[in-house]
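Peer 1: The structure under discussion is supplied below as structure tokens; questions concerning it will follow.
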Amino acid sequence: MPIVNRVADLQPDIQAWRRDIHEHPELLYDVHRTAAFVADRLREFGCDEVATGLGRTGVVGVIKGRKPAGKGDIKVIGLRADMDALPIVEATDLPYASKTKGLMHACGHDGHTAMLLGAARYLAETRNFAGDAVVIFQPAEEGGAGAAAMIKDGLMDRFAIEQVYGMHNGPGIPVGSFAIRSGPIMAATDSIDINIEGLGGHAARPHKCIDSVLVGAQLITALQSIVSRSVDPLDSAVISICEFHAGNARNVIPQTAELRGTVRTLTPEVRELVEKRVREVVAGVAQITGAKIALAYEHGYPVTVNHASQTDVATQVAKEVAGEANVHESAPMMGAEDFSYMLEARPGAFIFCGNGNSAGLHHPAYNFNDEAIVYGTSYWIKLVENTLAA
């Protein structure tokens, strides 16, 4: 098997850490138990520095190689894993299922954290590289922009990180395989909140009303025309209105309605275009219906853009671990990832590690596949040893 032999020996420990974290999921920045668990392990491994409290609850470990990097060589690379879970009721019936009602690791961050801990243990034992490996354990990936918070707290400058790499498990990708691409790999995500105020009244007298439900329906239809008629068919964009709240009686036309949704795009140009058109469509529907419509358009995570040179490095490392036939070019994905902030701050690459035929991410029956541990951990190790060659 094309993995680091020592990692196969460490697999039972890494799996045990993963399952412990899985049993005790925590949300957003409130990952105090997980962060303490990580920091304790890093100290046990003999990391040269263990820093806590970056981005409120983030943890960073520094592992120095056997010798300093040579002149002109890369001196420091960062490896990032996310620690937070989701507000989902687990439906796996696993012996190590969540012990916290209403929370679960439905995105595999337990596996990400455990694999990076495994790599840290190996790297601290062997130190077969020149320069510094910085392991980054981040809170609040699931909507809290923990990556941006850690950067704001000085992550990149404090540890002199020159390149940064991320990894996520991929349901549907065979275990032992990787997927990656240069350029945009995950979408920007923005939120839309729309409040409609019409004129309520009796269902039998609609001509005396401004029907907020009809206005909302017109608005949803008009918004969908943006992707089909304003965005180049060769570009990508998604507008999804996922909440529509109005009324509480079958014979009353409601005065107000609320719509909530998201916009996902893969380039800054399309992102700007879609926002412009959303604002124009909202204003236009308000004008033709006579309703008052308030739009709150909030920018979320930016596009996750892999840098070409670092993508080449990551691809070659993945091929070394999994074999050339098991490393594939990924299509861009319309999900979002706050590792995008780190890739705006430093060059790097984000890769997907196969999770096999599992339930999808954010599904109540999802579970990280422990068979993927040896591949993901080996990838981290080889990435450090190849990039910071001694």
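Peer 1: Could you list all residues from the stretch 109-145 that are in contact with a helix residue (DSSP H, G or I) (Cβ under 9 Å, 6 or more places away or on another chain) and of a type in the set (Gly, Ala, Ser)?
Peer 2: Gly111, Ala114, Gly118, Ala119, Ala120, Ala124, Gly131, Ala133, Ala140, Ala145
Peer 1: Just to be sure before I move on: is Phe352 buried (at least 22 other Cβ atoms within 10 Å of the Cβ), touching a Lys or Arg at 6+ places or on another chain (Cβ under 7 Å) and of a type in the set (Phe, Trp, Tyr) in the structure I sent?
Peer 2: Spelling it out, it is not the case that Phe352 is buried (at least 22 other Cβ atoms within 10 Å of the Cβ), touching a Lys or Arg at 6+ places or on another chain (Cβ under 7 Å) and of a type in the set (Phe, Trp, Tyr).
Peer 1: Within the stretch 164-211, how many residues turn out to be surrounded by 24 or more Cβ atoms within 10 Å (Cβ to Cβ), touching a Pro at 6+ places or on another chain (Cβ under 9 Å) and more than 30 Å from Val278 (Cβ to Cβ)?
Peer 2: 1
Peer 1: Are any residues in the stretch 125-140 over 15 Å from Val76 (Cβ atoms) and either among the hydroxyl-bearing types (Ser, Thr, Tyr) or open to solvent by 10 Å² or more (accessible area, probe 1.4 Å) (or both), and if so, which ones?
Peer 2: Glu125, Thr126, Asn128
Peer 1: Does Ala188 satisfy the condition of being closer than 30 Å to Val327 by Cα, at pLDDT 95 or above and small (Gly, Ala, Ser)?
Peer 2: For Ala188, the condition - closer than 30 Å to Val327 by Cα, at pLDDT 95 or above and small (Gly, Ala, Ser) - is met.
Peer 1: Among the residues that make up the stretch 381-389, is at least one of them over 22 Å from Asp132 (Cβ atoms) and modelled with pLDDT of 95 or more?
Peer 2: No; the residues of the stretch 381-389 include none that is over 22 Å from Asp132 (Cβ atoms) and modelled with pLDDT of 95 or more.
Peer 1: For Asn367, are the conditions met, namely being in contact with a Ser or Thr (Cβ under 6 Å, 6 or more places away or on another chain) and open to solvent by 10 Å² or more (accessible area, probe 1.4 Å)?
Peer 2: yes
Peer 1: Can you tell me which residue is nearest to Ala372 (Cα to Cα) among those in the stretch 18-36 that are open to solvent by less than 30 Å² (accessible area, probe 1.4 Å) and part of a helix (DSSP H, G or I)?
Peer 2: Once the filter is applied, the top-ranked residue is Arg18.
Peer 1: So, one more: Please specify each residue of the stretch 239-268 satisfying the condition of being over 30 Å from Gly201 (Cβ atoms) and either open to solvent by 50 Å² or more (accessible area, probe 1.4 Å) or modelled with pLDDT under 95 (or both).
Peer 2: Within the stretch 239-268, Arg264, Pro268 meet the criteria.
The values are calculated or read from the model by the stated rules, or taken from the named source; none is laboratory data. All values derive from a computational prediction rather than experimental measurement. Positions of Cβ are backbone-derived with ideal geometry, glycine not excepted, and every protein chain shown enters the neighbour counts. Remember, those area values only see protein heavy atoms, side chains included, never the ligands or the DNA or RNA. Shrake-Rupley method; radii C 1.70, N 1.55, O 1.52, S 1.80 Å.
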